[in-house]
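Chemist: My questions will all concern the structure given below.
Read the figures in this text as sums done on the coordinates, not as results from a lab. Worth saying up front: this structure is predicted, and the values here are computed from it rather than measured. Here Cβ is always computed from backbone atoms with ideal geometry, including for glycine, and neighbour counts include all displayed protein chains.
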Amino acid sequence: MIIDFHTHTFPEKISEKVVNNLAKESCTKPFTNGSISGLLSSMKEAGLDYSVNLPVMTSPEQVEKLNSSFIQAKEELFLKGIIAFGGMHPDYAPDKIREELLRLKSAGIQGIKIHPAYQKYDLDHPKMMKIIDIASELDMIVITHAGIDIGIYDHDYASVKHVLKILKEIAPPKLVLAHMGGWGCWEDVERDLAGAPVYFDTAFSIGAITPLPGHDKRPYLEENMSVENFSRMAKKHGCDKILFATDSPWQEQKDVVKLVTQSNLSDREKMLIFEKNALHLLKLHK
């Protein structure tokens, strides 16, 4: 079994437009049109069993509307192999955060996504920390973008320093740091964060980045990890805390499966990354 813990989709009518705009901002090539049908086709080609679909709330007004849509579609999506997560925004009414997260949990949605760079708040801002704290009290998974965003270079909103503060002050048991703990900041991650009680996902972290044809390269365009560096980092952090992920549509799912398979990790370590850790977090049975 293979579970992709980090994918994105958009409503079918606008998915291609949204993905094309994001591709221009990041100068990176998308590998699906960003729709549910595009993700399902990619999963089939890659031999994936499940993908976790992560929304990014770019305004507080989106929170209830989008979460309601995920609640409504959850069962149908799961039958197709897509696991819906909800989302939260730091400017959402502070007195309603717990109520909204409880609404998600009661509907069977086990986690939320936050994105400091798109939401323009440092990960250790009190508003972000409140979301993480309440979600953790409710035994929910919190997955956050970590490190630099390839399309946003003005500031590192989710640095290793921010993460360390979260771990010290909240100690969330189900915090997942996307992009192997901090995109483009892997030396800092390996030095200061590897081995800490937190999950890393492999999304958009391993192998070469495919540029968008006809667009100038951004400063970080070639800054992904080699398979060798990934293997070393995974072993140092502990493969029991690594989740397979691709950030689809921004990586070809079948290519990332191949890269992890070709690594020098043991079969047991690969099994932990591909399925065991995700099954445990998601409380799924094989």
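Chemist: Roughly what would the spin-label model give for Lys127 and Lys161, points 7 Å off Cα along C-beta, in nm?
Modeler: Taking the simple label geometry, Lys127 and Lys161 are separated by 2.1 nm.
Chemist: Could you tell me the calculated FRET efficiency between Lys96 and Glu137, based on Cβ-Cβ distance and R0 = 22 angstrom, to the nearest 0.05?
Modeler: Working: r = 15 Å, r/R0 = 0.70.
According to the calculation, E is roughly 0.90.
Chemist: By how many nm would the segment from Glu187 to Lys236 grow when fully extended, if each residue of separation counts as 0.36 nm and the alpha-carbon distance is taken off?
Modeler: Working: separation 49, 0.36 × 49 = 17.64 nm, distance 1.24 nm.
Computed gain between Glu187 and Lys236 is 16.4 nm.
Chemist: What do you get for chymotrypsin sites (Phe, Trp or Tyr not before Pro) in region 140-225 restricted to DSSP loop and a cutoff of at most 13 other Cβ within 10 Å of the site's Cβ? Present the calculation step by step, with values, prior to reporting the outcome.
Modeler: On the way: sites: Tyr153, Tyr157, Trp183, Trp186, Tyr199, Phe200, Phe204, Tyr220; in loops: Tyr153, Tyr157, Phe204, Tyr220.
Within region 140-225, the qualifying chymotrypsin sites (Phe, Trp or Tyr not before Pro) (loop, at most 13 other Cβ atoms within 10 Å) are Tyr153.
Chemist: By how many nm would the segment from Tyr153 to Ala171 lengthen if fully extended, with 0.36 nm per residue of separation less the alpha-carbon distance? Numbers along the way, then the final one.
Modeler: Numbers: separation 18, 0.36 × 18 = 6.48 nm, distance 2.82 nm.
Between Tyr153 and Ala171, full extension yields an extra 3.7 nm.
Chemist: Roughly how many whole Å is it from the C-alpha centroid of region 44-87 to that of region 123-147?
Modeler: First find each Cα centre; the distance between them is then 18 Å.
Chemist: Taking square-rooted eigenvalues a ≥ b ≥ c of the alpha carbon gyration tensor, is the chain rounded, prolate or oblate, where a/c under 1.5 means rounded and, failing that, a/b exceeding b/c means prolate?
Modeler: Numbers: a/c = 1.19, a/b = 1.12, b/c = 1.07.
Because its axes are fairly even, with a/c under 1.5, the chain counts as rounded.
Chemist: Tell me which aspartates and glutamates have Cα within less than 15 Å of Lys174's Cα, excluding those fewer than 8 residues away on the same chain?
Modeler: Of all the aspartates and glutamates, those that pass the test against Lys174 - Cα under 15 Å, at least 8 places apart if same chain - are Asp133, Glu137, Asp139, Asp201, Asp240.
Chemist: On to the next question. Please tell me which of these pairs span more than 25 angstrom C-alpha to C-alpha: Lys44/Lys235; Lys127/Lys235; Lys74/Lys120; Lys44/Lys276; Lys130/Lys276; Lys24/Lys276? Don't skip to the end; give the middle numbers.
Modeler: On the way: Lys44/Lys235 29 Å; Lys127/Lys235 33 Å; Lys74/Lys120 28 Å; Lys44/Lys276 20 Å; Lys130/Lys276 29 Å; Lys24/Lys276 36 Å.
Those over the limit are Lys44/Lys235; Lys127/Lys235; Lys74/Lys120; Lys130/Lys276; Lys24/Lys276.
Chemist: If you add up the charges near His145, with Lys and Arg at +1 and Asp and Glu at -1, over every other residue whose beta carbon is less than 11 angstrom from its beta carbon, what do you get?
Modeler: On the way: positive: Lys113; negative: Asp149, Asp156, Asp201, Asp247.
Result for the neighbourhood of His145: -3.
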